[in-house]
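Rule-based calculations on the coordinates, nothing more; no lab input. Because the structure is a prediction, the values reported are computed rather than measured. Quick reminder, even Gly has a Cβ in these numbers, built from the backbone with ideal geometry, and neighbours come from all protein chains shown.
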Amino acid sequence: MTPKPEHEPFDDTTKAFYQRFFKSWGLDVETEREVFSRSRTIDLVVISTDANRRKLQNSVFAHFRQLNALELKGIHDPFTVDDYNLIVMRATALGVPKYQKKSDLNHQKTKEPTQLLNEITVTIVCVTRPDKILNQLKQAYRFVKKEAGIYHCDEVLGKWIIHPDELDLVPKNYPLLPLARGDKLEQFISLCVREGLNDYLQLIVDIGLATNPELIWRKILEVKQMKHLIREETWPVIDQFFRETPEAMGKLPTFQEVLTSAQRHSLQQGELATEHRLVIRQLHRKFPQVPKGLLQHIEMTSDIEQLDNWLDQIMFAKELAEIDFKMPPQKPEP
């Protein structure tokens, strides 16, 4: 297996996500399928029956046939002509039955049938648009735009290139929109928050912290301010993001380079606002009557350790009076 020029940060995360995604639809999935010992592996191989394909008809994978190679090309792994030739070669080899080990049955083939090329597809999802193949070498490779972000080469072996940044923001494209960047990703984050698409939002967070941390942090901080648009079931994902993000992002060189002192202050303010919200929400859930003055006192507290301590006390307290909120003494009325 030839190593990539640079480890792709979201490789393992995205492969695991799409493996679960296809399995949830009842499709068989294999990751890192080796077809030639020196040609690298196929990221995901998806096997679909006629019944499975009916489920895929209203998705971005509607073009799948019986045997499907899915390749993921990330921000640090641009799609080159050499890559294209290797990927097509590997996809073509999917149709050849596997051989058993040398010690088994004198090199006889397994009972696995030969797969016709017209039953195989290869789909390459490119985070960075492959302009050379789609533009400069358009006549040689014959990829034609089928719809926004989706390009097809009409040959016996079905070949598809998908560039998530160009995909329309419609339900059938949701599975690949977490891999978009820039404005399209920001739009999809807002949509995920409004519609409670937590699986996609979690994938965006997981891969975004490694590939585009500033955008992910800025956009989720922005949508967090629009509390009325956020579904209740989405708050745990957002709360966890802001609780874990400062430490996680501080370790990333890409984030360290772009984060200014003003942004650091905003990040701390975002974390503080989340802590305020968590304490107040837990109070309301446990105690029916919470004095307005106490809520104001909590919102004015800037000590995150103190807020965490109150959260712990709320968990075990049976009465509100048991919690030491360190309220300032009330001045007697004249």
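Dipole size of the range 11-167 about its Cα centre, with +1 on Lys/Arg Cβ and -1 on Asp/Glu Cβ: approximately 360 debye, rounded to the nearest 20. With a threshold of 28 Å on the Cα-Cα distance, the over-threshold entries among Lys219/Lys286; Lys172/Lys219; Lys172/Lys224; Lys23/Lys224; Lys219/Lys318; Lys132/Lys159 are Lys219/Lys286; Lys23/Lys224; Lys219/Lys318. Would you mind pulling out the separation of the Cα centroids of the range 164-232 and the range 10-82, in Å? Answer, in whole Å: 22.
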